[in-house]
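The values are calculated or read from the model by the stated rules, or taken from the named source; none is laboratory data. All of these numbers come straight from a predicted model, not from anything done at the bench. Cβ placement follows ideal geometry from the backbone for every residue including glycine, while neighbour counts extend to all protein chains displayed.
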Ligand SMILES: [Zn+2]
């Protein structure tokens with residue numbers, strides 16, 4: 001097996017120019033009691049729709065700025081729109097931006113039936129605070145546009161990726177999808193799949209910076225962190241960057257691997273890893289394409305299949321050399 005280990009100290013030093021906080025991803029974000037609030041009639045309906053609801057009367061003054069930033073950016077609506085156009089959900093899905101959440105909920109969560117996502121306004125404020133620290137203390141990666149490297153845009157882009165993660169849970173639960181790994185990994189995978197294909201590099205980059213800062217603030221790894229159903233925070237940073245780089249190495253390898261954001265030990269695996277993820281999600285979603293999307297979706301799935309075969313062959317060719325360099 002190829003090892004993708006190696007010290008991340010160099011990378012952290014680069015990202016670290018100044019990143020610190022704690023705890024965005026505490027308990028399972030897909031578990032917990034479902035106290036209702038879900039949309040739909042409860043009957044199977046292949047025309048289930050996603051709606052985003054900002055509950056203006058359930059947002060504290062302290063959280064209004066972060067909520068306004070996200071609302072104005074329409075990043076939640078973009079994800080919802082893609083799902084509504086491309087997929088035939090069996091049930092409605094309501095995305096509630098509200099402080100009226102089930103007991104103990106502090107982060108974005110998807111209820112176990114995949115029909116309700118809660119996004120607490122205080123969670124968006126926390127993303128905005130950490131994004132503000134990133135904007136102030138981290139040297140802007142060259143790939144990230146200068147005019148977007150400020151707290152508000154970083155907040156919107158990260159929120160889109162994190163919402164993509166929740167949407168991944170919702171899709172897994174609603175259809176339901178067969179899962180060959182941990183659900184949290186698959187949810188992260190959907191966030192990469194959706195944003196890399198439909199939005200561009202911004203959400204992955206902003207979220208990598210956000211999580212790097214969070215990892216710094218979490219400090220030393222604890223038993224709780226290691227045993228979480230989520231991958232370790234710092235590991236998620238590299239997963240986000242790996243999928244992005246692998247999606248278009250000609251474009252992303254220079255700015256991501258060169259300066260050390262993505263270690264040279266991991267990067268050679270990323271094109272095949274991305275191809276596998278991309279093929280995996282297109283294939284999982286294929287039976288659930290909406291009728292108008294079917295022709296395009298089938299083409300995307302076939303293209304992803306061909307890319308996976310090509311990338312796996314390419315990896316096989318360079319494997320001996322890569323192993324001998326480890
Ligand atoms: Zn999750």
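For this structure, a couple of remarks:
- Segment 216-249: number of residues that are in a helix (DSSP H, G or I), more than 17 Å from the chain's Cα centre (by Cα) and farther than 15 Å from residue 260 by Cα: 7
- Answer from 171, 177 - the residue that is within 15 Å of the ligand (Cβ to nearest atom) and part of a loop (DSSP other than H, G, I, E, B): 177
Each row is one residue, and each column tells you yes or no for (1) touching a residue at least 12 places away in the same chain (Cβ under 8 Å); (2) more than 14 Å from the ligand (Cβ to nearest atom); (3) more than 16 Å from residue 73 (Cβ to Cβ).
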position	(1), (2), (3)
200	no, yes, no
210	yes, yes, no
220	no, yes, yes
253	yes, yes, yes
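Conditions (1) surrounded by 14 or more Cβ atoms within 10 Å (Cβ to Cβ); (2) within 16 Å of the ligand (Cβ to nearest atom); (3) within 30 Å of residue 49 (Cα to Cα); (4) modelled with pLDDT under 95, marked per residue:
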position	(1), (2), (3), (4)
232	yes, yes, no, yes
244	yes, no, yes, no
247	yes, no, yes, no
265	yes, no, no, yes
285	yes, no, yes, no
288	yes, no, yes, no
308	yes, no, no, no
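- Residue in segment 287-294 that is part of a helix (DSSP H, G or I) and in contact with a strand residue (DSSP E or B) (Cβ under 9 Å, 6 or more places away or on another chain) present: yes
- Every condition in (1) within 16 Å of the ligand (Cβ to nearest atom); (2) out of contact with any helix residue (DSSP H, G or I) (no Cβ under 9 Å at 6 or more places or on another chain); (3) on the phi > 0 side of the Ramachandran plot is met by residue 114 except one, and the failing one is (2).
- Residues of segment 180-189 that are more than 10 Å from the ligand (Cβ to nearest atom) and either under 18 Å from residue 241 (Cα atoms) or crowded, with 24+ Cβ neighbours inside 10 Å (or both): 189 alone.
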